[in-house]
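Just so you know, all these numbers are worked out from the coordinates, no wet-lab data involved. Predicted model, so just to flag it, every value in this text is computed and none were measured. As a convention, Cβ positions derive from the backbone with ideal geometry for all residues, glycine included, and neighbour counts pool all protein chains shown.
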Amino acid sequence: MATVDEPGSAAEVTAYLDQCAKQVRITHSSAIRCPRHGVTAYCHVCRHLHTGEGLGYLATRDEPVQAWCEGCDGVVREHGWSARTDAEAGWVLCCGGCYAEILAQHSLRGWAGFSYPEDSE
Ligand SMILES: [Zn+2]
Ligand SMILES: [Zn+2]
């Protein structure tokens with residue numbers, strides 16, 4: 001199950017996105033080079049956030065950061081993180097700058113932490 005904290009303030013979200021968009025060294029373990037944003041740590045968004053706009057989303061603050069929409073979160077709550085939820089999310093790899101741009105089109109609903117079902121067994 002995903003554990004959800006209180007959604008962040010606008011300032012907290014801005015600081016988070018700025019942090020994600022920050023350039024890192026090419027030797028960084030999750031470095032990715034983007035033609036528009038240079039070298040940042042890679043991020044994942046669900047396909048709905050990638051193509052849609054005005055959605056609510058949940059995001060993690062641990063690297064590599066990841067965000068998914070409320071629709072995906074419904075599947076997570078029902079089934080936990082599994083191949084099925086991954087298929088629903090259809091994760092899109094993007095750079096930190098693109099991630100910040102994408103999430104600026106949506107509204108944070110909460111911070112989430114991962115706990116895979118296997119971990120609790
Ligand atoms: Zn989604
Ligand atoms: Zn980019």
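A few points about this structure:
- Of all residues in the range 40-50, exactly one satisfies the criterion of being within 16 Å of ligand 2 (Cβ to nearest atom) and over 11 Å from CYS94 (Cα atoms), namely LEU49.
- Strands (runs of 3 or more DSSP E) wholly inside the range 30-114 containing at least 2 residues that are buried (at least 21 other Cβ atoms within 10 Å of the Cβ), away from ligand 1 (no atom under 13 Å from the Cβ) and free of Cβ contacts under 8 Å to residues at least 60 places away in the same chain: 38-41
- GLY8 over 12 Å from the mean Cα position of the chain (by Cα) and either more than 16 Å from ligand 1 (Cβ to nearest atom) or without any contact (Cβ under 8 Å) to a residue 60 or more places away in the chain (or both): yes
- Single residue of the range 14-29 satisfying the filter (within 16 Å of LEU93 (Cα to Cα) and among the small types (Gly, Ala, Ser)) that is surrounded by the most Cβ atoms within 10 Å (Cβ to Cβ): ALA21
- A single member of ARG84, ARG47, ARG77 is among the charged types (D, E, K, R), out of contact with any helix residue (DSSP H, G or I) (no Cβ under 9 Å at 6 or more places or on another chain) and over 23 Å from SER9 (Cα atoms), and it is ARG77.
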